Structure formats: structure tokens, C-alpha cells
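Since the structure comes first, as C-alpha cells, the remarks are kept for the end.
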Amino acid sequence: RRIKDWVTSPDVQITFKGKTPYMTTNSMHFVQCDNEFTACPVFPGDTRITLCYVGPLDPIDMIPKKKLKPLLQKEAPDFLAEVLSIEIPESGSRLNVPIISTHEKEEIEKLNQSPLEAFLEEMCEHRDGQMIKMSDLYAKFIRWVDPSEMEQWSKIKFGKSLPPQHPKGRRRKDGQFYIGNVWWRGEKPFSEETRRLIKRGE
């Protein structure tokens, strides 16, 4: 979480033991290497991380560390000159260089979804003003979820785990509970309404 904050923060605090901390311009960059994909927590919609898989090297291409370090030092000036000569295009995002989406990143984002989030993404779509009866949504979710996880998803937990953009409320017209701003993927909308539904009180 701290590294993610540093990625977008314009300033960073430098702290020396026994001395007064001070703020300076943030010019940090991070590269994380790990054998386990779970070590890098990437969640759906995260635009601060580019993630890619690096396969094992062929033993023939392996360079011993004692030889590799001098080669890297020799290459450094040319590498730096190449980097400095690159013209970076204007970025419309909050980052100087937009994050590249990769297949590996998309797969790990899906693995970090809860069963309910995965269900809503696969079976439904966000539609402002539309609503689905909670009992219908829950029944379809229970049929969709893995049988081994079915007992963990009571109707109460289902209702409490809904994302905030999908508020739950009782409809005056029939007294039934509905989930708002959602509709079945690929089906004709419930109504012509397009105003976003919001929750007020209970």
C-alpha cells in the first residue's frame, strides 16, 4: 500500500535516524521481482502497476554474475543516453507514462476478485437507473457460485458484500428489495430510466 502511494505522490518524506525528516520531490521508481504472483497485490482497476511474466532463461544464455556486472557497467552510459533521448508523449492519465495492461495482470486481477465481484462482471453490467430484484440476483448467484463456497454466501452476507455503486433498497411499488444500477448482461433494460440510483439512510 505504501509503494502504491509513492507511485503517484509528487513529494516524499525522507527520514534519517535521529534527524528531522524533510520533504523532497519524489523521483522514485520501483521494480518488484518475485517467484510468487500473489506477492504483488493487483486488483481490478489498479492503474499503478504493470505486471508481466518473465520465463526461465536457457542455461546456454545464462551469464555468471561476476561477468554480468562489468558488462552492465559498460553498457550503462549508452543505455542512459538512449533513455534520455526518448521523447515521452503527452499523458492523459495521472502518471507520466500510462500503465501497460498485460494478459498476466488481467488474470491476477480476476484471481483477486471475490466470487460476488466475478459474478457481477460475468453475468451483469453496470446500468445507471436499472434494478434487479435482490431475490432473483441472489438465486442466480447461488446457482453460479462454486458448490464448495455456496454455504459461505448467506443472503445477509450477499447483501453486505455488494459494491457501493450497487445500492440495495426497498421499492415502494411492491415492497420488495432491489439492487440498483445493475442489469443482466446482454438483456433488454428493465426501464428507460438512466439516472443513477443512490442510497439514502437505510
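The values are calculated or read from the model by the stated rules, or taken from the named source; none is laboratory data. Treat the numbers as computed from the prediction; the structure is a model and nothing was measured. Neighbour counts are summed over all protein chains in view; Cβ atoms, including those assigned to glycine, are modelled from backbone coordinates with ideal geometry. Accessible surface areas use protein heavy atoms only, side chains included; no ligands, DNA or RNA. Shrake-Rupley method; radii C 1.70, N 1.55, O 1.52, S 1.80 Å.
A few notes on this one:
- Of the numbered criteria (1) free of Cβ contacts under 8 Å to residues at least 60 places away in the same chain; (2) outside any helix (DSSP H, G or I); (3) open to solvent by 40 Å² or more (accessible area, probe 1.4 Å); (4) farther than 25 Å from residue 42 by Cα, the one residue 194 fails is (1).
- Each residue in the range 68-119 was checked for being in a loop (DSSP other than H, G, I, E, B), more than 30 Å from residue 144 (Cα to Cα) and open to solvent by less than 60 Å² (accessible area, probe 1.4 Å), and 4 of them qualify.
- Every residue from the range 154-167 that is within 13 Å of residue 120 (Cβ to Cβ) and buried (at least 17 other Cβ atoms within 10 Å of the Cβ): 158, 162, 166
- Listed by first and then second residue, the pairs with beta-carbon distance under 8 Å, at least 6 apart or on different chains, first residue in the range 3-29 and in contact (Cβ under 8 Å) with a residue 12 or more places away in the chain and among the small types (Gly, Ala, Ser), second in a loop (DSSP other than H, G, I, E, B) and open to solvent by less than 100 Å² (accessible area, probe 1.4 Å), are 9/26.
- Look at (1) modelled with pLDDT of 90 or more; (2) assigned to a helix (DSSP H, G or I); (3) within 20 Å of residue 31 (Cβ to Cβ); (4) of a type in the set (A, V, I, L, M) and you find that residue 63 fails only one, number (2).
- Some residue of the range 75-97 being in contact (Cβ under 8 Å) with a residue 40 or more places away in the chain and polar (S, T, N, Q): yes
- Residue count for the range 35-51, restricted to those that are open to solvent by less than 100 Å² (accessible area, probe 1.4 Å) and either among the aromatic types (Phe, Trp, Tyr) or more than 22 Å from residue 1 (Cβ to Cβ) (or both): 1.
Residue-wise test of (1) touching a helix residue (DSSP H, G or I) at 6+ places or on another chain (Cβ under 8 Å); (2) under 30 Å from residue 117 (Cα atoms); (3) surrounded by fewer than 10 Cβ atoms within 10 Å (Cβ to Cβ).
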position	(1), (2), (3)
2	no, yes, yes
12	yes, no, no
24	no, no, yes
31	no, yes, yes
55	no, no, yes
64	no, no, yes
